[in-house]
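Undergrad: Pasting a structure below so you can have a look.
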Amino acid sequence: MTARLESFRYIPTVVDGWETPELPFGALFTAVQGDNGSGKTPIMKGIMMALGHELLLPPDILQHCSQAQLKLKVDGETITLTRNLRADFELLVEGGAEPEVFLSPRAYARWFAELLGTELRELTSKGATPTARSLYANLIVPAFWVDQDNGWTVAYFTPAEKNFIADQRQEVIRFLTGLPARHPFRDKSEYDRLKEIADRTERFVEMQRYAVDRLRDNGQFVDGEEVELELRRDALRADLDSNGQTIEAVRSIAGFFEQDIFKLERDLAELRARAAGLARRKGQLALALSELSGEVEILGANVQASELLRGFCGQDGCQMFAGSEHSYGRALLYLKDQIKDLKVSDRDVTRDERVLSEEIADIEGQIADRRRAREEALSASPEAQLMTKLNALTRELVAVQVRLAAYQQLAVEQQKFERLLDKREQDNAAVNAARQRGGKVETDPVIDVRQQLTDTMQRWLRTLRTKNIRQPATFDEDFNPVIDGVKFSATSHQSGSTRTRIVLAFHAALLEVALNRGGNHPGWLLFDAPQQQELDQRDFAAYAEQLKLLTERFPGRVQLVFSVADLKTHFEATDEVWLPSYTNEEGELRFLGPVGR
């Protein structure tokens, strides 16, 4: 599963509300640029709130904004997260099968874990209490979010009241890199539960493998064809765009006739509807006549029977059946009057049908005449010959786009398949870990991840030209960064730009290792006011360049969002810079402002 940041905005309160425009994220880089006090930090915090993080917003934001809204693109589908800023925790998720409202961090944790491509982990709380605690979103987010106040002091920061999981930092790193939990909360059915999950994942793998193979077989894909198709698509679009005046001229000629044709077709539809109504009416009359004729036959038979029965009387002027004969005669007369009226109505309907049929034929003829006139006018125009070519180009463009869509669908399904393979590996590792009960045993995958983090962080430190470090950085058995032989913490000796560089290197290394292993890192790095003033601009530029190289290895998987007062980083056309667009009463630019200002 691939999740991309699409856009963010604040939604105002009904009265005296503040808002932001919908701010789009860049393909790789997004810079929130503005002077100190312009509201960069509330923007960054709003993104985190919409993701389910729990932190404090400025009172002005809580007073004037009702919601923080973040849009994601998850495997090509738009998902909208809307956080109610007035509630302790209320987050609406829209865009899936049906909207979901989460009213607690625990309820939201399961959905957030699925967003990152895995399932919710139940972990053991500190003190080995019997109550299971989930790895909530607000515990995972600090692994890719650096806040302005405390984030630049340590590699992973959560407030004391949010640090309730045993070996919490290690559990988060294990989660993001795809390692099994260090302290999973176990009960007697834990192994069976994990085995069931692994078996289900195995079935999903096989189903997805079949889907990918079938797409590949049906598509008959050719290496290099997609690039050629993209080039041809761009050339066709350019050719069509260059002939826009010709297309507009032809549309103008056709439009003159289309208005008449549209009116005639509308009249024709009304006449046909009336004709259908008359046909139904005629059918109803025929049915009624048939039923009445049946009644007449029955009454006639009754009259004949009465005449025969009079022979039983044995005398002239017998009145034994006089009452029945009178009743039959009166009913027969009434029915014959009804039949007469129905036949008159049937004759009128038939006449109306004939008139309508003539009108329909006349309008159909007019429509055919106007269409012929349209074609003759188009053929006589100087653009007609060129239009034939443009129609052929349009048909070819549609065919190219359909073929490209097949390649894109294959890419999406292949990516889903690869993610399932990664999840299968994680599930199997969790099953193997569940067989072990206690003991601080380092498995091969754990040792491998520690070594990868060590090597990768050392490379990122070199990219940032980190000085004042005499020994290579390493990671201890609890996944703590060790700098110069000392665990990196808020009280370790590093300061200034060195500490900033270590934090930047840690987050980049964790991201890279997680991507290499097919882990559960979303691919986002969000830095609130990275202290570039303490860094040489060349160092931050080198850091950004390495992130570009990383996204070339993992297309669409990396996004960096950072706030900055003075932007010097070179951006591409697909990147975004957010600037304040509201002015307060003192004439100062702000990211948030009153509705409509």
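Undergrad: Dipole size in debye (nearest 20) for the stretch 1-144 around its Cα centre, Lys and Arg Cβ +1, Asp and Glu Cβ -1? Display every interim value, and only then the final one.
TA: Working: 13 positive and 17 negative charges, 95 e Å.
In total the dipole reaches around 460 debye.
Undergrad: Provide the gained length on full extension for the span V486 to Q220, in nm with one decimal, where the gain is 0.36 nm per separating residue minus the Cα-Cα distance.
TA: Extending this stretch completely gives an extra 90.1 nm.
Undergrad: Net charge near D213, counting Lys/Arg +1 and Asp/Glu -1 over other residues with Cβ under 12 Å of its Cβ?
TA: Neighbour charge sum, excluding D213 itself: 0.
Undergrad: Tell me, what ³J(HN,Hα) does each residue in the stretch 18-29 have, in order and in whole Hz, if you take phi through Karplus 6.51 cos²θ - 1.76 cosθ + 1.60 with θ = phi - 60° and put x for Gly and Pro?
TA: Couplings: 10, 9, 10, x, 6, 9, x, 7, x, 4, 10, 10 Hz.
Undergrad: By per-residue mean of other Cβ atoms within 10 Å, what is the highest-first order of 520-529, 558-567, 161-170, 222-231? Before the final figure, lay out each step's value.
TA: Details: 520-529: 23.2, 558-567: 20.2, 161-170: 17.7, 222-231: 11.4.
The peptides rank, most packed first, as 520-529, 558-567, 161-170, 222-231.
Undergrad: Counting other Cβ atoms within 10 Å, keep those with at most 15, restrict to DSSP loop, and tell me which chymotrypsin sites (Phe, Trp or Tyr not before Pro) in the stretch 178-236 are left.
TA: Sites meeting the loop and neighbour criteria: F221.
Undergrad: Something else: Based on the alpha carbons, how large is the Rg to Rh ratio for the stretch 68-227 when Rh follows Kirkwood?
TA: With Rg and the Kirkwood Rh in hand, the quotient comes to 1.04.
Undergrad: Based on other C-beta atoms within 10 Å, arrange S489, S242 from fewest to most.
TA: The order, fewest Cβ neighbours first, is S242, S489.
Undergrad: Same structure, new question: For the stretch 136-192, how big is the tail of P(r) above 19 Å, as a whole percent of Cα pairs?
TA: 35
Undergrad: For a label point 7 Å from the Cα of E270 along Cα→C-beta, name the residues of the stretch 334-359 whose backbone N is under 15 Å from it.
TA: 356, 359
Undergrad: Assuming 1.002 mPa s and 20 °C, estimate D for the stretch 19-62 with Stokes-Einstein, Rh taken as the Kirkwood radius over Cα pairs, in µm²/s.
TA: Translational diffusion coefficient: 182 µm²/s.
Undergrad: May I ask you to compute the full-extension gain from D455 to K343, defined as 0.36 nm times their residue separation minus their alpha-carbon distance, rounded to one decimal in nm?
TA: Taking D455 through K343 to full extension adds about 30.5 nm, to one decimal.
Quick note: the coordinates plus some simple rules give every number you see, no bench work behind them. Keep in mind it's a predicted model, so treat the numbers as computed, not measured. Here the Cβ is made from the backbone with ideal geometry for all residues, glycine too, and neighbour counts use every protein chain on show.
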